[in-house]
Ligand code: NAD
């Protein structure tokens, strides 16, 4: 359904009126198109003293062809070539740690780390596409000041649809309560920046487990690119991944993978099927027999397979397992997207409505996972991905059944993640906010308008925004990303 307010607000006359009256001003979001550069400009990188992420980030982004501006490394890194030799070296009071120097040296002379002097925001120098701050070195609340210094100085240098990423250490593994306190404080900063910067800026906090510094590449790429246009205010955890990582073709990271997407005939499921296929996967698109025609259209358009099956049928897990065992011998990516709503306040709700929502949205997924895992059909490197909802985080009037099922999906992720680590399988979930689909088109008009505007982007998301997030979880390079529930909600005011 089209968002007529957004169309008006972006028109010549609408823009002036919206600004004069201080109405919500939905920006055009930078979304990914194949062939786009990872970021449309330089990335400014800085760190608190003794941060462990500065060198890995510079090396990973340099390897991805991104221009990294780092006031410290422009001086200290012997491998780098400032792009503007006339610009003065920018001094930084913090000396490089030996770990940083070693990590940089370990990259070898072939590594191209294009570092430019930090002088953003002038007419001559392009504005920053992203601001990244490594806060892993902060071990006490009195050490939080460099965050203010960095973002105060550079907030205005960011392009529209810019990216802010703060890197920290998971509070639960910090050496002292003081350090855990300071690291937890980072959440308030990033969530506030997401609400403050506007113009399509996204802001995220990524907690990186010590030792997993180089496991963040797929996450960095996702967060910097247009794939994360509608993801903001999130806290993401990245941990260790197996050492023997497969080679990743970043244009087709899922090449050779077999994926199952449930509820794929329309809406978010169809978008997930298309994005996974675009990234190289063979997709088995599943939905109920009554929508067989539209399911076949989706499957044919991506050269996938259509599978008509009601997930709640008693024999559904066995039929699915037999399908994958017989055709492919395995299934690498399982996306549990199918979902239904049956809304009524609990006092008025028919028991059948409670049962059907819980069955489709939660219990059938558990049964299918159990059978696929028991028959060893999900190999090492496998990816289980659930679709929760912000209603599962905040609750919602008239949706006790739905919110229970979606909170259960979060429970499934959190309880299964540690169990699956030993098998090299990750499990994560997306929690969409207001996404423009048939499901939200059925909402009463006023509620629909509120859902669209009550987020930092002042607009609804698109099914592709959820699909891109699923594709990041599905990537073979995301082995360190497990146990996460990431909202795709434009930083909705609901469910904070
Ligand atoms: P949709 O209603 O457009 O599509 C859901 C699909 O699931 C349909 O094609 C339906 O036929 C299929 N399905 C339902 N029951 C099934 C069963 N028993 N077996 C197999 N397939 C079945 O919904 P959507 O908006 O695309 O939502 C997709 C997922 O995202 C759902 O889990 C939903 O709860 C979740 N979600 C959506 C939004 C939103 O704003 N649209 C927000 C939060 C969460």
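Between residue 442 and residue 366, 0.36 nm times their residue separation minus their Cα-Cα distance comes to what? Write down the numbers at each step before the final one.
Details: separation 76, 0.36 × 76 = 27.36 nm, distance 2.85 nm.
Gain on stretching residue 442 to residue 366: 24.5 nm.
Given the -39500 (n - 2.57) contribution per DSSP H run of 4+ residues, what per-residue ellipticity at 222 nm results for the chain, rounded to the nearest 500 deg cm²/dmol? Before the final figure, lay out the partial values.
Details: 18 runs with 183 residues, N = 496.
Computed ellipticity for the chain at 222 nm equals -11000 deg cm²/dmol.
How high is the relative contact order of the chain? Use alpha-carbon pairs under 8 Å, at least six apart in sequence, and give a whole percent. Taking the mean separation of contacting Cα pairs over the length of the chain, I get 14 percent. Compared with the dominant Cα axis of the chain, that is its longest principal axis, helix 292-301 is turned about 30°.
Between residue 173 and residue 312, what is 0.36 nm times their sequence separation minus the Cα-Cα distance? Round to one decimal in nm. Could the numbers behind the result be given before it?
Numbers: separation 139, 0.36 × 139 = 50.04 nm, distance 4.03 nm.
Difference between extended and current length: 46.0 nm.
Distance between the C-alpha centres of the range 330-346 and the range 164-229: 28 Å, rounded to the whole angstrom. The long axis of helix 364-374 is offset from the longest Cα principal axis of the chain by roughly 80 degrees.
For the range 183-278, the C-alpha radius of gyration sits at 1.29 times the compact-globule guess of 2.2 N^0.38 Å, with N the residue count.
Length gained on full extension, residue 243 to residue 142: 32.7 nm, using 0.36 nm per residue less the C-alpha separation.
Read-outs: derived from the displayed coordinates by stated rules, not from any lab. From a predicted model like this one, the values you see are computed outputs, not experimental measurements.
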